[in-house]
Amino acid sequence: MAQPVIGVIGGSGLYEIDGFSNVEELTLTTPFGDPSDAYITGTLDGVKLVFLPRHGRGHRYLPSEVPYRANIHGMKQLGVEQIISVSAVGSMKEEIVPGHIVIPDQFFDRTQGKRASTFFGDGVVGHVQFADPVCADLSGILYDAACEVGATVHKGGTYICIEGPNFSTRAESNIYRSWGVDIIGMTNIPEARLAREAEICYATVALATDYDCWHQEHDDVSVEAVIAIIQQNVATARNIIKAAAKKVVDSRTCACGEALKYAVMTNKALIPEETKVRLDILMGKHL
């Protein structure tokens, strides 16, 4: 079997991976525009990794401005089959203390329609299953890796994704808590949806940085507080990635790699040729 290629999308504070060898920087173009930055490829303890800073080096893109489709397309171009998303989040539960790690298994979308959230359109209609939006196999690997490196980690939980860039009002924060969500962030949707359409496994290492603004005994969330916790957590995140990379197996047994098998609804004879060309890397075998 071919060696697996693991993609890592770094969020706030994680702009590079230490310990890479055979490093190469690749600037790609995609049918969906330019990705956030150049992709950094290399090997980490013998495992091939592809790293991309979600917001660009220097943190240049707002959550709504991140070119999600281009980012995922570029990962597909480079042969990535599994994506580890590293994301800073707010905690919506007392027991998830800032500094803890969460491996969420559900998402709740509260973005406002400003983000291109599908590769379908322009003459081709498709619907992927998204009831279980992360890869259970990859999530399990990340949880085990987090335990191995000594992180305080919570397995499972719901990540509510808001538009941003502003943090929540106190009323919003308390309403979200009443819905039973565990963490709050701004970027994993539509990233996870697009990964599923690209038939790439996707799972998140969520770094809890604050208690949003709901907690009466803690200061309201601020950029300064978030950055301080992120700096503490980034080293842990890098260790989790390193441990997880060793655990990824050569062949996938999950359903992620066949997510589009029955997804395309359009009569293939009616799909425009230019659309087929644009989607070839992503879903050419299904068109």
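If I filter the range 132-155 down to residues being free of Cβ contacts under 8 Å to residues at least 60 places away in the same chain and small (Gly, Ala, Ser), which single residue comes out as farthest from residue 201 (Cα to Cα)? If you could, list the steps in order and put the result at the bottom.
Keep residues of the range 132-155 that are free of Cβ contacts under 8 Å to residues at least 60 places away in the same chain, which gives 132, 140, 143, 147, 150, 152-155.
Cutting the leftovers down to small (Gly, Ala, Ser) gives us 140, 150.
Details: 140: 12, 150: 25 Å.
Only one residue fits best here, namely 150.
Quick grid of which residues meet (1) hydrophobic (A, V, I, L, M, F, W, C); (2) more than 28 Å from residue 248 (Cα to Cα):
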position	(1), (2)
137	no, no
162	yes, yes
189	yes, no
198	yes, no
205	yes, no
209	no, no
217	no, yes
227	yes, yes
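Working only within the range 100-128, note down all residues that are surrounded by 17 or more Cβ atoms within 10 Å (Cβ to Cβ) and part of a loop (DSSP other than H, G, I, E, B).
Across the range 100-128, the qualifying residues are 100, 104, 105, 111, 115, 117, 119, 120, 124, 128.
Please find, among 122, 109, 144, the residue that is among the charged types (D, E, K, R) and within 17 Å of the chain's Cα centre (by Cα).
Details: 122 fails: within 17 Å of the chain's Cα centre (by Cα); 144 fails: within 17 Å of the chain's Cα centre (by Cα).
Being among the charged types (D, E, K, R) and within 17 Å of the chain's Cα centre (by Cα) holds for just one of 122, 109, 144, which is 109.
Can you tell me how many residues in the range 165-180 are part of a loop (DSSP other than H, G, I, E, B) and surrounded by fewer than 21 Cβ atoms within 10 Å (Cβ to Cβ)? I'd like the intermediate steps shown before the answer.
As a first pass, look at the range 165-180 and keep what is part of a loop (DSSP other than H, G, I, E, B): 165-169, 179-180.
Subset that is surrounded by fewer than 21 Cβ atoms within 10 Å (Cβ to Cβ): 165-167, 169, 179-180.
So the count comes out to 6.
Strands (runs of 3 or more DSSP E) wholly in the range 8-83 with at least 2 residues that are buried (at least 21 other Cβ atoms within 10 Å of the Cβ) and under 15 Å from the mean Cα position of the chain (by Cα) - which ones? Before you say what the answer is, go through the steps one by one.
Numbers: elements: 21-26, 39-44, 47-53.
Here the list reads 47-53.
Quick one: what pairs do we get from the range 114-125, first residue in contact (Cβ under 8 Å) with a residue 60 or more places away in the chain and closer than 15 Å to residue 282 by Cα, second of a type in the set (A, V, I, L, M) and part of a loop (DSSP other than H, G, I, E, B), C-beta under 8 Å, 6+ apart or different chains?
As it stands, the answer is 119/198; 119/279; 124/271; 124/279; 124/287; 125/265, since those pairs meet every condition given.
Regarding the range 164-185, can at least one residue be identified that is touching a Pro at 6+ places or on another chain (Cβ under 9 Å), at pLDDT 95 or above and more than 20 Å from residue 65 (Cα to Cα)?
Checked against the condition, which is being touching a Pro at 6+ places or on another chain (Cβ under 9 Å), at pLDDT 95 or above and more than 20 Å from residue 65 (Cα to Cα), the range 164-185 yields at least one hit.
Every residue in the range 129-138 that is touching a strand residue (DSSP E or B) at 6+ places or on another chain (Cβ under 7 Å) and either surrounded by fewer than 17 Cβ atoms within 10 Å (Cβ to Cβ) or part of a loop (DSSP other than H, G, I, E, B) (or both), please.
Matches in the range 129-138: 133, 134, 135.
Being modelled with pLDDT under 95, aliphatic (A, V, I, L, M) and in contact with an Asp or Glu (Cβ under 6 Å, 6 or more places away or on another chain) narrows it down to one residue among 208, 245, 235, 225; which is it? Working first, answer last.
On the way: 208 fails: in contact with an Asp or Glu (Cβ under 6 Å, 6 or more places away or on another chain); 245 fails: in contact with an Asp or Glu (Cβ under 6 Å, 6 or more places away or on another chain); 235 fails: in contact with an Asp or Glu (Cβ under 6 Å, 6 or more places away or on another chain).
Answer to the check: 225.
The values are calculated or read from the model by the stated rules, or taken from the named source; none is laboratory data. Please read these numbers as outputs of a predicted model, since none were measured by experiment. All Cβ positions, glycine included, derive from the backbone under ideal geometry; neighbour counts span all protein chains shown.
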